[in-house]
Amino acid sequence: MADPATEASAPTGLGTGLQRDRPPTIRDVAELAGVATSTVSRALARPDRVNPRTRLRIEEAAAELNYVPSSQARGLSSGRTNAVAVLVPDITNPFYFDIIRGTQHQLKAAGVTQLLVDTEESSEMELDALHKMRKSADGFILAASRLTDAQLAEVSQSQPLVTFNRASTSAPTVMIDTPSAIIQALEHLASLGHHKVCYVAGPPTSWSNQMRWKVFEEDATKRGMEVHRIGPYTPKTTSGAAAADAAVRTGATACIVFNDLLAIGMLQRLQARGIRVPADMSIIGSDDIFGADFCNPPLTTISSPIEQAGRVAVSMLLAQLNPLSGSASRQLAVMPTHLTVRESTGPAPQ
């Protein structure tokens with residue numbers, strides 16, 4: 001006759017065979033429910049594909065054993081990894097901090113893990129990461145992608161993705177409306193009496209760089225301004241010295257710079273050369289990164305809700321991954337921008 005205490009401590013159907021010094025496994029659930037392990041796996045991952053009575057028996061067995069399926073097991077049965085990869089061109093650029101924070105918060109709320117990849121401003125590295133991580137991530141968010149239109153079209157056919165600040169006809173996109181902010185910046189400079197303006201270009205593979213220059217050239221020309229362009233430059237403070245020297249040689253009295261890091265590097269170089277900002281030259285950056293208001297002088301720059309843009313990108317991707325969730329799927333979201341005026345811009349020198 002079995003010991004009553006043993007019967008009380010052993011789950012129904014398992015007798016004394018269950019080892020209490022280890023967590024329950026899927027085999028334990030299958031034995032208790034009287035089904036195959038594959039049926040348990042299917043019932044927990046895709047419950048709609050299992051007979052309701054069988055599913056109920058499996059759920060009761062799992063609850064009795066306090067069984068929690070591992071993420072790996074769920075991934076094997078559902079084909080999902082429950083992870084999303086976020087690719088950024090330069091993880092040291094403060095502009096991407098808010099994007100990463102926004103995507104992280106939104107993914108965490110959805111119970112999804114974020115995988116972060118620094119592509120080092122390289123389209124080759126970005127494309128390689130996309131190919132290698134196909135089985136590691138359910139989808140991708142490409143921040144300021146350096147891929148060509150043809151490459152984006154190719155990868156979007158094989159994996160769900162959303163682009164950020166990179167227009168694409170083949171994938172949903174979150175855009176920062178910097179073109180309208182460029183017009184605001186030129187209007188600001190015109191009101192200060194500037195007639196000679198210079199665009200300090202960023203990476204040649206940057207789509208946003210190309211769009212900013214197009215709007216800059218068109219709008220400045222309409223205003224009758226003398227237009228100059230220098231670059232391309234790597235969007236880092238270390239490139240600022242070369243950019244500042246080149247800007248001075250153009251004779252321009254004001255510059256609109258690809259990003260804040262490059263603009264801050266220019267401020268440092270101009271100060272070292274004894275060129276006063278804004279008395280001798282006005283500087284406008286883009287991104288309003290942390291520290292843009294701490295530099296000397298505080299930087300006039302283009303501002304936008306970057307963290308919110310990261311959240312929107314995640315929502316658009318999750319709508320692709322879960323088409324039956326009821327969430328509306330969007331192809332384009334445009335985030336507003338505005339010019340934040342600080343002390344690096346002033347009246348044109350006489």
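Listing for the model above:
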read-out	value
Filtered residue count, region 210-225, keeping only those that are polar (S, T, N, Q) and at pLDDT below 95	1
Only listed residue being touching an Asp or Glu at 6+ places or on another chain (Cβ under 7 Å) and of a type in the set (S, T, Y), chosen from T250, T345, T340	T340
Residue in region 109-122 that is assigned to a helix (DSSP H, G or I) and open to solvent by less than 70 Å² (accessible area, probe 1.4 Å) present	no
Restricting region 148-167 to residues that are within 15 Å of the chain's Cα centre (by Cα) and part of a loop (DSSP other than H, G, I, E, B), the residue that is surrounded by the fewest Cβ atoms within 10 Å (Cβ to Cβ)	A167
Helices (runs of 4 or more DSSP H) lying entirely in region 1-65 (those with 2 or more residues that are at pLDDT below 65)	4-9
Any hit, region 291-310, residues being in contact with a strand residue (DSSP E or B) (Cβ under 7 Å, 6 or more places away or on another chain) and either modelled with pLDDT under 90 or loosely packed, with under 13 Cβ neighbours inside 10 Å (or both)	no
Qualifying residue in region 213-226 (condition: closer than 20 Å to R342 by Cβ and of a type in the set (A, V, I, L, M))	no
Region 123-145, subset open to solvent by less than 50 Å² (accessible area, probe 1.4 Å) and in a helix (DSSP H, G or I), residue nearest to S315 (Cα to Cα)	L130
In region 266-290, the residues that are of a type in the set (A, V, I, L, M, F, W, C) and crowded, with 20+ Cβ neighbours inside 10 Å	M266, L267, L270, V277, M281, I283, I284, I289
Selected residue (only one of R269, R276, R311 is under 29 Å from the mean Cα position of the chain (by Cα) and of a type in the set (D, E, K, R))	R311
Residue within region 189-197 that is open to solvent by 30 Å² or more (accessible area, probe 1.4 Å) and closer than 27 Å to V334 by Cα present	yes
Hits in region 173-201 - residues which are farther than 17 Å from T250 by Cβ, in contact with a helix residue (DSSP H, G or I) (Cβ under 6 Å, 6 or more places away or on another chain) and not in a helix (DSSP H, G or I)	V174
Hey, V248 over 30 Å from S122 (Cβ atoms), outside the structural domain of A143 (by TED's automatic domain parsing) and of a type outside the set (D, E, K, R) or not	yes
Answer residue from region 253-265, given it is buried (at least 24 other Cβ atoms within 10 Å of the Cβ) and over 27 Å from the mean Cα position of the chain (by Cα) and is farthest from P347 (Cα to Cα) among those	C255
All positions within region 210-246 that are in contact with a helix residue (DSSP H, G or I) (Cβ under 7 Å, 6 or more places away or on another chain), over 18 Å from S282 (Cβ atoms) and open to solvent by 50 Å² or more (accessible area, probe 1.4 Å)	M211, K236, T237, T238
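The values are calculated or read from the model by the stated rules, or taken from the named source; none is laboratory data. What you see is a predicted model; the values in this text were computed from it and never measured. Cβ sites come from the backbone with ideal geometry, for glycine too, and all protein chains shown count toward neighbours. Protein only, heavy atoms only, side chains kept; ligands, DNA and RNA dropped before computing areas. Shrake-Rupley method; radii C 1.70, N 1.55, O 1.52, S 1.80 Å.
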